[in-house]
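The values are calculated or read from the model by the stated rules, or taken from the named source; none is laboratory data. These numbers come from a predicted model, not from an experiment. Note that each Cβ is placed from the backbone with ideal geometry, even for glycine, and that neighbours are counted across all protein chains shown.
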Amino acid sequence: MPLPDKNDLEKRLKVITKDEVINDDLKNLILDAGAGLTDVEADLAFRLAKEKVGLNSKDAIRIIASEKEQIIKKSGILDYYHTTENLDSSVGGLDSLKIWLKQRSKAFERKAKVFGLKEPKGMLLLGVPGTGKSLTAKAIATEWNQPLLKLDIGKVFQSEVGSSENNIRN
């Protein structure tokens, strides 16, 4: 079953908020925070945020993101990182990459979405050990204000037949 899109999440949010009015910018941030959750998970996260701080508070975004983090941690395969590294001060060199990253960061803005510009889906950083790939990934997550997830390949592959496929699927 596919994950709900933004319209599906908005319908769920309307059911939870009933007649409560949420400003459009905050509503979009809440919906973005709920992206990637299943219908049930989004429902629970939205209700928890409403119960704790109300959905007209920016703290609602933090609560929904925290719920998403807990769900990710339960998978046992993905690790969630909180990053503070700065692209300019933490990462040396890579000037062309830094310029491209700053240009592409505009793809996350509301204007870009309205225009139809797609957000970057991902990036492969490849190199020998010790060349700053992990540091760069952390700095990108900070620059783009996005979560950083790490896939632990060792946890994916298990000796039981079919378990690796099951781990990836779930």
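Observations on the model:
- Against the list (1) closer than 27 Å to Val114 by Cα; (2) in contact with a helix residue (DSSP H, G or I) (Cβ under 9 Å, 6 or more places away or on another chain); (3) not small (Gly, Ala, Ser), the condition Lys14 fails is (2).
- In region 9-28, residue surrounded by the most Cβ atoms within 10 Å (Cβ to Cβ) [restricted to those that are of a type in the set (D, E, K, R) and within 13 Å of Phe46 (Cα to Cα)]: Arg12
- Taken over region 97-139, the residue count meeting the criterion of being more than 21 Å from Asp25 (Cα to Cα) and more than 20 Å from the chain's Cα centre (by Cα) is 11.
- Counting the residues of region 33-46 that are of a type in the set (D, E, K, R) and surrounded by 15 or more Cβ atoms within 10 Å (Cβ to Cβ) gives 2.
- Filtering region 1-22 to residues that are in contact (Cβ under 8 Å) with a residue 24 or more places away in the chain, under 20 Å from the mean Cα position of the chain (by Cα) and assigned to a helix (DSSP H, G or I) leaves Lys6, Asp8, Leu9, Arg12, Leu13.
- Qualifying positions in region 77-96 - in contact (Cβ under 8 Å) with a residue 40 or more places away in the chain, surrounded by fewer than 17 Cβ atoms within 10 Å (Cβ to Cβ) and either in a helix (DSSP H, G or I) or over 17 Å from the mean Cα position of the chain (by Cα) (or both): Asn86, Ser90, Gly92, Leu94
- Selection count where residues are at pLDDT 90 or above, among the acidic types (Asp, Glu) and either touching a strand residue (DSSP E or B) at 6+ places or on another chain (Cβ under 8 Å) or under 18 Å from Glu41 (Cα atoms) (or both), scope region 60-106: 2
- Criterion violated by Ile64 - all others in (1) assigned to a helix (DSSP H, G or I); (2) surrounded by fewer than 10 Cβ atoms within 10 Å (Cβ to Cβ) satisfied: (2)
- Taken over region 125-145, the residue count meeting the criterion of being at pLDDT 90 or above and assigned to a loop (DSSP other than H, G, I, E, B) is 8.
- Residues considered: Lys113, Lys50. Of these, the only one that is part of a helix (DSSP H, G or I) and not assigned by TED's automatic domain parsing to the domain that holds Leu151 is Lys50.
- Of all the criteria given as (1) out of contact with any Phe, Trp or Tyr (no Cβ under 8 Å at 6 or more places or on another chain); (2) farther than 20 Å from Met123 by Cβ, the one not satisfied by Thr83 is (2).
- Test: Ala42 is in contact with a Leu (Cβ under 8 Å, 6 or more places away or on another chain) and either without any contact (Cβ under 8 Å) to a residue 24 or more places away in the chain or of a type in the set (Gly, Ala, Ser) (or both): yes
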